[in-house]
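Here is the structure we will look at.
The values are calculated or read from the model by the stated rules, or taken from the named source; none is laboratory data. Nothing here was measured: the structure is a model prediction, and the numbers come from that model. A quick note on method: Cβ atoms are made from the backbone with ideal geometry, for glycine too, and the neighbour counts reach across all protein chains shown. To get the accessible areas, we keep the full protein, side chains included, count just its heavy atoms, and leave off ligands, DNA and RNA. Shrake-Rupley method; radii C 1.70, N 1.55, O 1.52, S 1.80 Å.
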Amino acid sequence: MERNGRSLPETVLLSIRGRNARKAMSTPRKPVEGAEMVVASYNVHKCIGTDRKFDPERTARVIREISPDVIALQEADNRFGDRAGLLDLNHLEIETGLVPVPVSGNGKAHGWRGNVLLFKRGTVRDVHQIKLPGLEPRGALVAEIDLDETRALRVIAAHLGLLRRSRSEQARVVLDIMSSADERPTLLLGDLNEWRLGNRSALSTLHTTFGPPPAVPTFPSGLPVLALDRIMGNRHGMVSAVEAHDTPLSRVASDHLPLTAYVHL
């Protein structure tokens with residue numbers, strides 16, 4: 001098995017070396033000149049850590065470490081039954097200032113099919129809940145946010161399927177949301193479940209609009225090898241400094257590391 005010209009064992013070795021080089025990353029992120037927002041994507045794995053403990057407060061502490069302006073969460077609700085939300089969003093708002101984008105449907109759930117989008121400032125003008133095709137119950141949450149009187153941002157928060165064919169179909173649905181390349185600034189955040197790059201990627205159709213995404217390993221959190229999570233923008237130079245939030249707490253809080261980036265509008 002190869003990834004971007006390297007065998008998987010080579011990729012594992014490079015990941016170990018990279019992990020050793022990143023051990024100091026528990027210090028705060030350095031601001032990037034001209035950046036206006038910190039954004040993140042985080043599959044919280046139903047708040048179950050690699051130690052198999054259910055600990056929503058630990059998940060919230062990781063979010064506080066990141067201190068994002070916008071964050072997309074995946075697997076933040078129970079998948080079956082009443083699909084109840086797993087985090088204390090009221091407490092999280094007090095601690096971080098983050099509020100959830102409102103969704104319709106089950107009042108016990110935080111978001112739409114496990115996708116929760118939280119933001120710190122601005123006004124939500126519109127929200128769309130998109131059911132994605134495939135055998136698994138997957139979805140995308142699309143929010144139009146007015147940041148202030150002159151600036152607006154569209155955010156697409158998604159969790160794509162495990163099957164390659166499903167991911168290809170789901171990527172086309174995401175593209176249908178974008179009617180043209182010169183539309184309003186748009187971010188695509190989420191666990192896209194695709195580690196292949198280039199033409200081998202099931203997400204290659206997204207590249208014409210969002211460009212080739214930075215491939216930053218986030219899974220598994222203990223030794224990240226696969227770049228399953230993505231932060232992508234539809235404008236050149238819109239997204240910068242994409243990196244895994246790799247700290248002692250984040251390595252155990254979920255099976256994914258959070259992915260973070262700076263956004264220039």
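Mind listing whichever residues of region 152-194 are of a type outside the set (Val, Ile, Thr) and modelled with pLDDT under 90?
175, 176, 178, 179, 180, 181, 182, 183, 184
Which members of region 66-81 meet the condition of being touching a residue at least 24 places away in the same chain (Cβ under 8 Å), part of a loop (DSSP other than H, G, I, E, B) and farther than 22 Å from residue 130 by Cβ?
67, 68, 69
If you go through region 205-225, how many residues are open to solvent by 40 Å² or more (accessible area, probe 1.4 Å) and at pLDDT 90 or above?
Result for region 205-225: 4.
Here is a list of conditions, (1) surrounded by fewer than 19 Cβ atoms within 10 Å (Cβ to Cβ); (2) among the small types (Gly, Ala, Ser); (3) in a strand (DSSP E or B), and residue 261 meets all of them except one; can you say which number that is?
(1)
Among what's in region 226-252 and is of a type in the set (Val, Ile, Thr) and under 15 Å from the mean Cα position of the chain (by Cα), pick the residue that is surrounded by the fewest Cβ atoms within 10 Å (Cβ to Cβ).
The qualifying residue surrounded by the fewest Cβ atoms within 10 Å (Cβ to Cβ) is 242.
Conditions (1) among the aliphatic types (A, V, I, L, M); (2) open to solvent by 40 Å² or more (accessible area, probe 1.4 Å); (3) free of Cβ contacts under 8 Å to residues at least 40 places away in the same chain, marked per residue:
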site: 113; (1), (2), (3): no, yes, no
site: 117; (1), (2), (3): yes, no, no
site: 125; (1), (2), (3): no, yes, yes
site: 131; (1), (2), (3): no, yes, yes
site: 139; (1), (2), (3): no, no, yes
site: 142; (1), (2), (3): yes, no, yes
site: 153; (1), (2), (3): yes, no, no
site: 166; (1), (2), (3): no, no, yes
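Only one of these conditions is not met by residue 199: (1) modelled with pLDDT under 90; (2) closer than 25 Å to residue 258 by Cβ; (3) open to solvent by 10 Å² or more (accessible area, probe 1.4 Å). Which number is it?
Residue 199 satisfies all of (1) modelled with pLDDT under 90; (2) closer than 25 Å to residue 258 by Cβ; (3) open to solvent by 10 Å² or more (accessible area, probe 1.4 Å) except (2).
Being at pLDDT below 90, in contact with an Asp or Glu (Cβ under 8 Å, 6 or more places away or on another chain) and either within 16 Å of residue 187 (Cα to Cα) or surrounded by fewer than 21 Cβ atoms within 10 Å (Cβ to Cβ) (or both) is the filter here, so list the residues in region 87-111 that pass it.
Result: 106, 108, 109.
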